[in-house]
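Worksheet: one structure, shown below.
The values are calculated or read from the model by the stated rules, or taken from the named source; none is laboratory data. Keep in mind that this is a model prediction, so the values were computed, not measured. Methodologically, a virtual Cβ is constructed for each residue, glycine included, from the backbone with ideal geometry; neighbour enumeration extends over all protein chains shown. Only protein heavy atoms, including side chains, enter the accessible area calculation; ligands, DNA and RNA are left aside. Shrake-Rupley method; radii C 1.70, N 1.55, O 1.52, S 1.80 Å.
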Amino acid sequence: MEKPCTLLVHFDKGSPSMANEIKADLEGSDVAAKVDAMKRAIMLLLNGETLPHLFITVVRYVLPSEDHTIQKLLLLYLEIVDKRDVASGKVLPEMILICQNLRNNLQHPNEYIRGVTLRFLCRLNEPELLEPLVPSILANLDHRHHFIRRHALSAISAIYRLPHGDQLLPDAPEVVERALTGEQDASARRNAFLMLCACAQERAVAYLLTNAERVAEWPDLLQMAAVDLIRKVCRSPNRADKGRYIKIIISLLSAPNSAVVYESAGALVSLSSAPTAVRAAANTYCQLLSSQSDNNVKLIVLDRLHELRASHRDVMVDVVMDVLRALSSPNVDVRRKVLDLVLDLLTPRNVEEVVMYLKKEVVKTQAGDLEKGGEYRQMLVQAIHSCAVEYPEVAGSVVHLLMDFLGDTNVAAAVDVVLFVREIIETNPKLRVSMIQRLIDTFYQIRASRVCSCALWILGEYSLSLSEVESAISTIKQCLGDLPFYTVSEEGESTDASKPAQPVVNSVTVSSRRPVVLADGTYATQSAATETAISSPAVAPGSLSSTQNLRSLILSGDFFLAAVVACTLTKLVLRLEEVQPSKAEANKASTGALLIMVSILQLGQSSYLPHPIDNDSYDRIVLCVRLLCNTGDDVRKVWLQSCRQSFTKMLAEKQFRETEEMKAKAQISHAQPDDLIDFYHLKSRRGMSQLELEDAVQDDLKAATGEFTKDADDANRLNRILQLTGFSDPVYAEAYVTVHHYDIVLDVTVINRTKETLQNLCLELATMGDLKLVDRPQNYTLAPESSKQIRANIKVSSTETGVIFGNIVYETSNVMERSVVVLNDIHIDIMDYISPATCADVAFRNMWAEFEWENKVAVNTVIQDEKEFLDHIIKSTNMKCLTPPSALDGECGFIAANLYAKSVFGEDALVNISVEKQADGKLSGYIRIRSKTQGIALSLGDKITLKQKGGSS
């Protein structure tokens, strides 16, 4: 499609005889056949057919028709038919035949015929055809029907904006301004106002300021046009009357139309950075957030609030409770954005209020009728965790409520709760006693193995008094149930000594003739023996009424948890020996713990469970047994002090990293030590309102800090210029590539290095990958030794390395054939689309397990130091290392680290580096990349393969 096109209809090309059929139908008298023939003719023309002999038939047989449908189709036909001679470029002589018909239509008694004809003239570009119709168009401005006046104004606007339109309608702005003053129809007024905005801006501004007091009463279409005009006018710096425009914008903030209100708030923020103006915009966005039911609207408004927070945090702090009310939306994405925004606006003044609101929301999630209640509860727990870490004084009001959710069916939410408890119990010593007691009371409700492991660690580390230690040991024993975990009796139906008989304690007997459900929920049959699993009165493992949660999990084969139980019991017994004055009681507890550990080992080595105990868990439990049998002071110190010291150090490092990141952000200062300080109380007020005064002060500050005169980084621009042709080519071209998230803009400079004029010069581009050319560049004529700037826009749809290639085609007067200069390829770097990001370890592991695309790259580098190699990969891939520096300390000849980044399209990029130093000093290992989409995994892998060698590459 090389011509401009205002109409597009798909049509499979018909047979050559179709043109004759169309001509026959048009010459007939059947109206329905004529309509069908016109439709077929239009579709053939749109899809490349020329139909040169059809025009005269249309003029003779279709032009006189009074049928409205035929007249409408006639105008569509005239819109797309070639009106100029291809060779000379002049208007075809036969086109003059339609002028009289168009003039008649513009004076037709039927309003519909007049209206569609005026609308057709908006898309007519031939001055020769338009000139005789101008008087009729102007006459329609006074028609009684608004439908015709509306389209007459559009036609005048379109004609005036043509290359020589001011010669066809020299007084168009005055005519339109007169029409606007007396017009009542909303659409017609909007069309007139838009024409003045585009072609006579000063007249539009004068009309706006004259009616400034009545703008709030205007129709919403006209209000939107007024907001756009104010945006354009106020872009010029040091606009003296900016205060008058801001008053108009503020009056529109209370308009009944939501779109007008939204646009006005955005315009107000772009015009003024005065606190009053920003506060008014923020309040307006909050009202939209609560009044609009569409989730997409809510997400867009939240994005605007995030932008406000970045530049005007002090003002946004005041509306934090209004933003929180948006949590009433059932959409998870809206809730997530609300919580992210609120957490960035926490201050000592509002944190208690925020936490109380979040606490109420947590209680609401217990109702069970909420959509995705578990996921929402997890988000709330994480938000409260962040609040409590930043402001420890609020932890006491929420921690006990959250501990009720340790047994949550949503494992992720329960894990977040137990991690929150673990951190708060270390950072808030005052809450330790009550939290330990609450944890002991609610421990039996926990159903998830990971939550149990963490809760057991807390009990082992923070149970300090005699009563706490004894209660913790008692609770663990109760949750494990009676010992042994299973028994084999020698009395039974068979004489085989290994056959089980009657159990000693309450048990579930397994028959040999039918399948039974084992403790892990699987079916099993026993052919020769009957094994008995000891359990408390028949309760399904994992049900809420069961108190033996540890027993259920261990009998399901979770021996890692069994090892954690053994370690916790060891710590508790060691501490009991310190706080228990009675040696006999301490020995009794030690013996009980040893019995439990031995029973676990016996269970792990039996054939009762489908899988035996793993070696790591076995070694850990055996270590605990040996330790209780023979304790020493050094070992006691390691178990009772070193573990907590490591945890304290981990929290301190985490806090240090967060502090460093905040300092780094704070260093990006917007004010310098010698900046001007403006005392606006000393300014001459000159009858200015508070908002105008604040805005003037902000403008002075911007001028003082040089914000109005910031220039682009020229050195950075030079680095992004790519040479497309050679210096010896007749046409030299180079491109400056600008990447704007979803768009790539190529500013191509083309220089004619010859002594001849180059005609029909065209930059032809094509793309490979998820890139799409937006528009086809035009043909240009280039004088000798002159240059031309050509801009090409390309859309990007995913994070993938793309390639742009093409050539420059041109003609000269001496050579009949077209000459071609092939361009160098432009490779779009994936690094332009991904940026370093952070995520929790739990989220990283979940994504690693979930993502299906993996790219495994073998390490091949000349770098011999593993840490240097890691830093090189981080720098080359523009990713963030999630592994803390403390975990990378030391020299062991091996390094493993996780990297994370996020693309502008919201895609996650996960990288795991595992590198080992060989005996010869070289590094070996693998770099694994995982992502949800194939493109980012492959492109990142290619980038790493290219860059990993280091050195000069």
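Observations
- Residue check, Tyr926 within 30 Å of Thr648 (Cβ to Cβ), of a type outside the set (Asp, Glu) and assigned to a strand (DSSP E or B): no
- For the range 603-626, residues that are modelled with pLDDT of 85 or more, part of a helix (DSSP H, G or I) and open to solvent by 10 Å² or more (accessible area, probe 1.4 Å) total 9.
- Positions within the range 173-195 being within 19 Å of Asp142 (Cβ to Cβ) and aliphatic (A, V, I, L, M), in sequence order: Val175, Val176, Ala179, Leu180, Ala186, Ala188, Ala192, Met195
- Condition met for Ser254 (under 30 Å from Ala280 (Cα atoms) and either buried (at least 20 other Cβ atoms within 10 Å of the Cβ) or among the hydroxyl-bearing types (Ser, Thr, Tyr) (or both)): yes
- Condition met for Asp142 (modelled with pLDDT under 85 and acidic (Asp, Glu)): no
- Complete set of residues in the range 737-765 that are in a strand (DSSP E or B) and open to solvent by 40 Å² or more (accessible area, probe 1.4 Å): His740, Asp743, Ile751, Gln759, Asn760, Glu764
- All positions within the range 460-486 that are within 21 Å of Lys637 (Cβ to Cβ) and either acidic (Asp, Glu) or outside any helix (DSSP H, G or I) (or both): Glu461, Ser463, Leu464, Ser465, Glu468
- Subset of the range 420-439 [surrounded by fewer than 19 Cβ atoms within 10 Å (Cβ to Cβ) and among the β-branched types (Val, Ile, Thr)]: Thr427, Val433
- Those helices (runs of 4 or more DSSP H) lying entirely in the range 319-419 with at least 3 residues open to solvent by 40 Å² or more (accessible area, probe 1.4 Å): 332-343, 351-364, 373-390
- Selection of first residues in the range 251-273 that are over 17 Å from Glu213 (Cα atoms) and outside any helix (DSSP H, G or I) and of second residues that are of a type in the set (A, V, I, L, M) and open to solvent by 20 Å² or more (accessible area, probe 1.4 Å), restricted to Cβ pairs under 6 Å at least 6 apart or on distinct chains, gives an empty result.
- The one condition from (1) under 15 Å from Ile944 (Cα atoms); (2) outside the structural domain of Ile944 (by the TED database); (3) not acidic (Asp, Glu) that Thr861 does not meet is (2).
Yes/no per residue for (1) part of a helix (DSSP H, G or I); (2) open to solvent by 30 Å² or more (accessible area, probe 1.4 Å); (3) of a type in the set (Ser, Thr, Tyr); (4) in contact (Cβ under 8 Å) with a residue 24 or more places away in the chain:
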position: Leu118; (1), (2), (3), (4): yes, no, no, yes
position: Asn140; (1), (2), (3), (4): yes, no, no, yes
position: Ala155; (1), (2), (3), (4): yes, no, no, yes
position: Pro170; (1), (2), (3), (4): no, yes, no, no
position: Ala179; (1), (2), (3), (4): yes, no, no, yes
position: Ser187; (1), (2), (3), (4): yes, no, yes, yes
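- Being within 20 Å of Leu209 (Cβ to Cβ) and either in a helix (DSSP H, G or I) or touching a residue at least 24 places away in the same chain (Cβ under 8 Å) (or both) is a description that applies to Tyr245.
- Leu102 vs. criteria more than 50 Å from the chain's Cα centre (by Cα) and either open to solvent by less than 10 Å² (accessible area, probe 1.4 Å) or farther than 26 Å from Leu63 by Cβ (or both): yes
One line per residue, one yes/no per condition, for (1) modelled with pLDDT of 85 or more; (2) at positive phi; (3) surrounded by fewer than 14 Cβ atoms within 10 Å (Cβ to Cβ); (4) not hydrophobic (A, V, I, L, M, F, W, C):
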{"position": "Leu870", "(1), (2), (3), (4)": "yes, no, no, no"}
{"position": "Ile873", "(1), (2), (3), (4)": "yes, no, no, no"}
{"position": "Cys881", "(1), (2), (3), (4)": "yes, no, no, no"}
{"position": "Gly893", "(1), (2), (3), (4)": "no, yes, yes, yes"}
{"position": "Asn898", "(1), (2), (3), (4)": "yes, no, no, yes"}
{"position": "Val911", "(1), (2), (3), (4)": "yes, no, no, no"}
{"position": "Ser914", "(1), (2), (3), (4)": "yes, no, no, yes"}
{"position": "Lys917", "(1), (2), (3), (4)": "yes, no, no, yes"}
{"position": "Leu923", "(1), (2), (3), (4)": "yes, no, no, no"}
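- Among the residues here, Leu299 does not qualify as assigned to a helix (DSSP H, G or I) and buried (at least 20 other Cβ atoms within 10 Å of the Cβ).
- Leu823 vs. criteria open to solvent by 20 Å² or more (accessible area, probe 1.4 Å), closer than 18 Å to Thr749 by Cα and either outside the structural domain of Thr877 (by the TED database) or at pLDDT below 85 (or both): no
- Single residue of the range 33-62 satisfying the filter (crowded, with 16+ Cβ neighbours inside 10 Å and part of a loop (DSSP other than H, G, I, E, B)) that is modelled with the highest pLDDT: Val62
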